[in-house]
Structures are given as C-alpha cells and as structure tokens.
Amino acid sequence: MGIDRERRRAVFLDRDGVISRAVVRHGKPYPPARVEDLEVLPGVAEALRHLKAAGYLLIVVTNQPDVARGVQSRAAVEAMHARLASILSIDEFRVCYHDDGDACACRKPNPGLLLDAARAHGVDLHASIMVGDRWRDVEAGRRAGCATVFLDHGYAERKPAQPDVVVSSLTEAADWIKFRDGGGIHDPR
C-alpha cells in the first residue's frame, strides 16, 4: 500500500519534558502533581505556533501511569491538559493511563497512541515526527514509522536507540523539522 500524499502530517509530542517542565528527582523525570505545578517550558508556545503554521497537526501523546498506580487522579491530568489547551496551539491530547503490567497497546514504547491518532485524523505517519525526552517516546515513534526527535535533558536513565536527531529544546526540534521540510539550513547539534 503506497503513501497517500493527501494525508495530514502531525508532530506528536510527549508532555512532561517536552512542552511542560518535568519534575526531576534523583536524575529521573516525573510529572507535576497539580495544575498549579504545571510550567510550560521556555519557547514552547512559539515553537508550536511555527509548527502549526507549517501545516502540522499537533498531538500530545503521554503516558500517565501514576493514575493506574493510584498516586494521581485522572481529573488532575485532564485539568492539566485543559490548562495547556487554553494557552498552547495543541490539537489533541491522547493519554495512556496504564502501567507496564497492564500490557496495553497504548503505553509507550508501544505505538498505539500514535496509530489511533493517525487513524482518527488521517495522518501519514511516515511524514510525521515524534518528539520526546525519553527512550519510550523515541521507540514509539520509530515503531509507528515516524521520524524521531530526542530532547536530551541528561536524565539518569536509558537513552533511546538512534533517534533521527538529538536536541535540547522544542525550539531546536521545530528548527530541525523546518530544515527537514526544506525550509533552510540548520543543524541543532
């Protein structure tokens, strides 16, 4: 089956560490606990506006296993997404509330969130990009057939295998995506 050139392109974005600040404890990233703790990272709003202007659908795909673990409520996660949606150019939030033991298809590194969004929105995954700050994000993007961008924050955990590019911010990721689309010369490394 060939690629349908009329289909939409998307940038899939992890939430914590990509658009909002992750809470880092002992070198590991965690989600904020409350809406009041949610902080959009510098440059994110502008980077998202540029990606939207370039014709990309912007879809947040996030694992939120603390709901399954009983330490976070689904209502708190949804309140955070409502807050982000009110201030950022995001088209949709897709969330996996499961933990690893649930063996679901949507928990990254599985590509279920991306595949479901692609079906729902007519997205060409091969023309799309996954941006994440953890190996699970990059692997989910690879499994879905997307280009992958790794935001390296130096966490004390496993690094992803062979992302297409490594950057330090969503601004740099957006610049790379623009370059990839033929919009200029830029090497974020």
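The values are calculated or read from the model by the stated rules, or taken from the named source; none is laboratory data. Remember, it's a predicted structure, so these values are computed and weren't measured experimentally. Methodologically, a virtual Cβ is constructed for each residue, glycine included, from the backbone with ideal geometry; neighbour enumeration extends over all protein chains shown.
Identify all residues within the range 20-58 that are in contact with a Ser or Thr (Cβ under 9 Å, 6 or more places away or on another chain) and in a strand (DSSP E or B); write none if there are none.
V40, Y56, L57, L58
Report the residue count in the range 26-54 for those that are in contact (Cβ under 8 Å) with a residue 24 or more places away in the chain and under 18 Å from E172 (Cα atoms).
Residues that pass the stated criteria total 14.
Considering only residues that are of a type in the set (G, A, S) and within 23 Å of G43 (Cβ to Cβ), look in the range 86-132 and name the one that is surrounded by the fewest Cβ atoms within 10 Å (Cβ to Cβ). Let's see the steps before the verdict.
Taking the range 86-132 as the starting set, the residues that turn out to be of a type in the set (G, A, S) are 86, 89, 101, 103, 105, 112, 117-118, 120, 122, 127-128, 132.
Subset that is within 23 Å of G43 (Cβ to Cβ): 86, 89, 128, 132.
On the way: S86: 8, S89: 17, S128: 24, G132: 29.
Per the stated criteria, the residue is S86.
Looking at (1) surrounded by 15 or more Cβ atoms within 10 Å (Cβ to Cβ); (2) touching a Lys or Arg at 6+ places or on another chain (Cβ under 7 Å); (3) of a type in the set (A, V, I, L, M, F, W, C), can you tell me which one I19 breaks?
Result: I19 passes all but (2).
Considering only residues of the range 133-143 that are without any contact (Cβ under 8 Å) to a residue 60 or more places away in the chain and not charged (D, E, K, R), which is surrounded by the most Cβ atoms within 10 Å (Cβ to Cβ)?
The qualifying residue surrounded by the most Cβ atoms within 10 Å (Cβ to Cβ) is V138.
Among the residues of the range 70-94, which ones are of a type in the set (V, I, T) and either under 23 Å from L48 (Cα atoms) or in contact (Cβ under 8 Å) with a residue 12 or more places away in the chain (or both)?
Result: V77, I87, I90.
Does T171 fit the bill of being under 18 Å from I19 (Cβ atoms), among the hydroxyl-bearing types (S, T, Y) and touching an Asp or Glu at 6+ places or on another chain (Cβ under 6 Å)?
For T171, the condition - under 18 Å from I19 (Cβ atoms), among the hydroxyl-bearing types (S, T, Y) and touching an Asp or Glu at 6+ places or on another chain (Cβ under 6 Å) - is not met.
Residue-by-condition table, conditions (1) out of contact with any Gly (no Cβ under 9 Å at 6 or more places or on another chain); (2) at pLDDT 95 or above; (3) of a type in the set (D, E, K, R):
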| site | (1), (2), (3) |
| --- | --- |
| S73 | yes, yes, no |
| I90 | yes, yes, no |
| R107 | yes, yes, yes |
| L115 | yes, yes, no |
| G145 | yes, yes, no |
| V149 | no, yes, no |
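Can you find even one residue in the range 120-127 that is closer than 18 Å to R15 by Cα and not basic (K, R)? Outline the logic, then answer.
Let us first name the residues in the range 120-127 that are closer than 18 Å to R15 by Cα, namely none.
No, the range 120-127 contains no residue that is closer than 18 Å to R15 by Cα and not basic (K, R).
Any residue in the range 172-189 that's modelled with pLDDT of 90 or more: show its pairings with residues that are buried (at least 16 other Cβ atoms within 10 Å of the Cβ) and not in a loop (DSSP other than H, G, I, E, B) at Cβ separation under 6 Å, as long as the two are six or more apart or on different chains.
Close Cβ pairs satisfying both conditions: A173/V131; A173/V149; A173/V167; A174/A47; A174/H50; A174/L51; W176/V165; I177/I129.
For residues in the range 65-103 being touching a helix residue (DSSP H, G or I) at 6+ places or on another chain (Cβ under 7 Å) and part of a loop (DSSP other than H, G, I, E, B), which is nearest to A120 (Cα to Cα)?
Filtering the range 65-103 for residues that are touching a helix residue (DSSP H, G or I) at 6+ places or on another chain (Cβ under 7 Å) and part of a loop (DSSP other than H, G, I, E, B), the one nearest to A120 (Cα to Cα) comes out as I90.
Any idea which residue in the range 39-85 is surrounded by the most Cβ atoms within 10 Å (Cβ to Cβ), counting only those that are small (G, A, S) and farther than 17 Å from R21 by Cα?
A68
Looking at G112, G101, G141, G122, which one is of a type in the set (G, A, S) and touching a Phe, Trp or Tyr at 6+ places or on another chain (Cβ under 7 Å)?
Sole residue among the options that is of a type in the set (G, A, S) and touching a Phe, Trp or Tyr at 6+ places or on another chain (Cβ under 7 Å): G141.
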